[in-house]
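The structure appears below as structure tokens.
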Amino acid sequence: MSAAGTTTHAAGGWRYDGVARAFHWLVVAMLIVQYSVALLLASFLPKSAEEALANWHFAMGSSVCVVMLARLAWRFTHAPPPPPADLSPGLRLLSRATHWTFYAGFIVLPVLGWAAASAHGIHVKLAGLIPLPMLGQKDNPIGKAMQTVHPALAVTLLALIALHIAGALYHAFVKRDEVLGRILPGRDAGVA
Ligand code: HEM
Ligand code: HEM
């Protein structure tokens, strides 16, 4: 659906580059796992399963932070394609604000989770491999506050993801333009 009617564009120039597209879908996959595990953690589980899932949560969540930092570095050094010409200034602002909130949010959120874990007295390993120092002592007041702020921010970002997906689907099925094709995997039409 993406490439239909895009013949006016220079080959490749209308889409995000391959690395940016790969980063996008890698983070989507990681967040599907991360939010699913978080949801399971919120339910009643045997102690052993809870511990294993919590370790998954810390490992995957800290990996999201690292991947987002790399993705941000890529974004700063590789210009995205220009926005569709017919996009209204309001929607352009909304989509840019959403995208930058994702970058900031998914870098800051894991750090707040780390502070929350430290306040529980839990030692966290980056990606489940590299031991991290405690981010504050057990029961420190800031870390304890993060035990509320971290899940609240996670849910806020989830709502923003829903908005973002609704926007993508609106472009794909209502406006029927090329916006979704900018980020979908696959080779460029006309180049293949
Ligand atoms: C993108 C990354 C992350 C997302 C989307 C995320 C999401 C969530 C969500 C939705 C909850 C609430 C689950 C529940 O109610 O049981 C939660 C809880 C928690 N998360 Fe994360 N998290 C992320 C990263 C991390 C990281 C990296 C750590 C630690 C290093 C962490 C530590 C925690 C802790 C300790 C809690 C329980 C808070 C409490 O009740 O005390 N999170 N997370
Ligand atoms: C975990 C969920 C998601 C997150 C965190 C996320 C994040 C992002 C970010 C940060 C960008 C901007 C990239 C940049 O300019 O550097 C972006 C672009 C985009 N995303 Fe997502 N995304 C998610 C899921 C999805 C899904 C499921 C779809 C499709 C149904 C989608 C469709 C798009 C599209 C079409 C663009 C390009 C927008 C444009 O051309 O301006 N995203 N996404």
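With +1 assigned to the C-beta of every Lys and Arg and -1 to the C-beta of every Asp and Glu, and no other charges, what is the dipole magnitude of region 110-192 about the Cα centre in debye, to the nearest 20? Walk me through the numbers before you get to the answer.
On the way: 7 positive and 4 negative charges, 17 e Å.
Rounded to the nearest 20 debye, it is 80 debye.
Please state the charge dipole magnitude for region 18-182, taken about the Cα centre, from unit charges on C-beta atoms (+1 on K and R, -1 on D and E), reported in debye and rounded to the nearest 20.
240 debye
I'd like the orientation of helix 18-41 relative to the chain: the angle between its Cα long axis and the longest Cα principal axis, in ° from 0 to 90, rounded to 10.
Between helix and principal axis, roughly 40 degrees.
Work from the charge dipole of the chain (Cβ charges, +1 for Lys and Arg, -1 for Asp and Glu, about the Cα centre) and give the residue of Trp56, Ile32, Leu91 farthest towards its positive end.
About the Cα centre, the residue reaching furthest to the positive side is Leu91.
Given a Förster radius of 25 Å and the C-beta distance between Leu184 and Ala127 as r, what FRET efficiency does 1/(1 + (r/R0)^6) yield to the nearest 0.05?
0.35
Using Cα atoms only, what is the angle between the long axis of helix 89-119 and the major principal axis of the chain, expressed in degrees (0 to 90) to the nearest 10?
20 degrees
Picking from Leu157, Phe102, Gly128, whose Cα lies most toward the positive end of the charge dipole for region 18-182 (charges on Cβ: Lys, Arg +1; Asp, Glu -1)?
Phe102
Would you calculate, for the chain, the mean residue ellipticity at 222 nm contributed by helices, counting each DSSP H stretch of 4 or more residues as -39,500 (n - 2.57) and dividing by all residues, to the nearest 500?
-21500 deg cm²/dmol
Note the angle between two axes, namely the Cα long axis of helix 141-169 and the longest principal axis of the Cα atoms of the chain, as a number of degrees from 0 to 90, rounded to the nearest 10.
It works out to around 20 degrees.
List the residues, sorted by chain then number, that are 5 or more residues from Leu126 or on another chain and whose placed amide H is less than 5 Å from its amide H.
Those qualifying (amide H under 5 Å, at least 5 residues apart or on another chain) are Leu132.
Nearest 0.05, what FRET efficiency do Val108 and Asp86 give at R0 = 30 Å with Cβ-Cβ as r?
Result of the calculation: an efficiency of 0.35.
Farthest toward the dipole's positive end in region 27-115, which of Gly113, Leu41, Ala79, given Cβ charges of +1 (Lys, Arg) and -1 (Asp, Glu) about the Cα centre?
Final value for the positive-end residue is Ala79.
Fewest to most neighbouring Cβ within 10 Å: what's the order for Lys125, Lys144? Could the numbers behind the result be given before it?
Numbers: Lys125 13, Lys144 16.
The fewest-first ordering by Cβ neighbours comes to Lys125, Lys144.
Principal axes first, then extents: for the Cα atoms of the chain, list largest minus smallest coordinate on each axis, whole Å, largest first.
Principal axes ranked by extent give 59, 31, 30 Å for the Cα atoms.
Using the count of nearby Cβ atoms within 10 Å as a rough guide to exposure, how do Phe76, Phe58, Phe44, Phe102 rank from fewest to most?
Phe44, Phe76, Phe102, Phe58
Coordinate-derived values only; no laboratory data. Computed from a prediction, not measured in an experiment: that's the story for all the values here. Quick reminder, even Gly has a Cβ in these numbers, built from the backbone with ideal geometry, and neighbours come from all protein chains shown.
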